[in-house]
Amino acid sequence: MRQVTIYPAKIKASVLTKALAPNAPSIVELAKEFNIPYATIYSWRSGMLKKNNVDQVNKPQRPEDKSAQNKLQAIIDTLDKTEAEKSAYCRQHGIYTHHLDEWKKQILESLGFSNSKKHRSEQLLIINEVKQLKRDLHRKNKALAEVSALLILKKKADLLWRDNEDV
């Protein structure tokens, strides 16, 4: 039967504080440092995470991974703040100020608001170009139908006149 080593609570606590720190060393490094099997440290860490339910707190989250609700909350929180306050908010939440600008733009576009006059003028130009192209296409279809009708009539006339010449 295998002998189970029981570690003092003080050692376990110091290992866990290092393992759960923001810039924590790897579990293997901690195992070498404290001369404890890494499987033991893994089990301590996972037990602590489950116990305290801090799984989400210790996982780094990229700005792209934020939910729409979190993005909207960040926009609302920083709406009336100065640049220095926005920067402090961004550092606290692990984002950059340009993320806030992008998220605000995305939200406004999804709601159908566009503050850009250039964007509106581009849309109007495209709409007018499409209308003009439709008119040209319709005119060309009419001309094509007329030419094909004339060609058919010419062929019939040629057939009629040739038959008369043969007689």
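Observations on the structure shown:
- Restraint check, 81/118; 12/32; 66/105; 18/86; 105/131; 134/155, Cα-Cα greater than 20 Å: 81/118; 18/86; 105/131; 134/155
- Answer label for Kirkwood radius over Cα pairs in Å (calculated), chosen among (i) 15.4; (ii) 24.2; (iii) 16.0: (ii)
- Helix 83-93 axis, angle to the chain major axis (alpha carbon atoms, nearest 10°): 70 degrees
- Computed magnitude of the charge dipole of the chain (debye, nearest 20; Cβ of K, R +1, Cβ of D, E -1): 560 debye
- Cleavage-rule hits (chymotrypsin sites (Phe, Trp or Tyr not before Pro)) in region 62-167: DSSP loop, at most 11 neighbouring Cβ within 10 angstrom: 113
- Placing unit charges on each Cβ (+1 for Lys and Arg, -1 for Asp and Glu) gives region 116-167 a dipole about its Cα centre, and among 132, 149, 160 the Cα reaching farthest toward its positive end belongs to 132.
- Degrees between helix 97-110 axis and first principal axis of the chain (Cα, 0 to 90, nearest 10): 40 degrees
- Each label point was placed 7 Å from the Cα along the Cα-to-Cβ direction; for residue 123 and residue 98 their separation is 2.7 nm.
- A helix-only calculation puts the chain at -24000 deg cm²/dmol for mean residue ellipticity at 222 nm, using -39500 (n - 2.57) for each DSSP H run of at least four residues, averaged over all residues.
- Dipole magnitude of region 99-165, debye to nearest 20 (Cβ charges: Lys/Arg +1, Asp/Glu -1, about Cα centre): 200 debye
- In order through region 119-125: 3J(HN,Hα) via Karplus (6.51 cos²θ - 1.76 cosθ + 1.60), integer Hz, x for Gly, Pro: 4, 5, 5, 5, 5, 5, 4
- Placing a label point 7 Å from the Cα of residue 48 along the Cα-to-Cβ line, the residues of region 11-35 whose backbone N sits under 13 Å from it are 11-27, 30-31.
- Residues residue 107 and residue 80, FRET efficiency given R0 of 25 Å [Cβ-Cβ distance, rounded to 0.05]: 0.95
- Label point 7 Å beyond Cα of residue 68 along Cβ direction - residues of region 93-107 with amide nitrogen under 16 Å: 103-107
- Distance between region 76-116 and region 128-167 - C-alpha centres, whole angstrom: 61 Å
Every number in this text was worked out from the coordinates using simple rules, so none of it is lab data. For clarity, every value in this text was computed on a predicted model and none was experimentally measured. Using ideal geometry, Cβ is built from the backbone for each residue, glycine included, and neighbour counts are taken over all protein chains shown.
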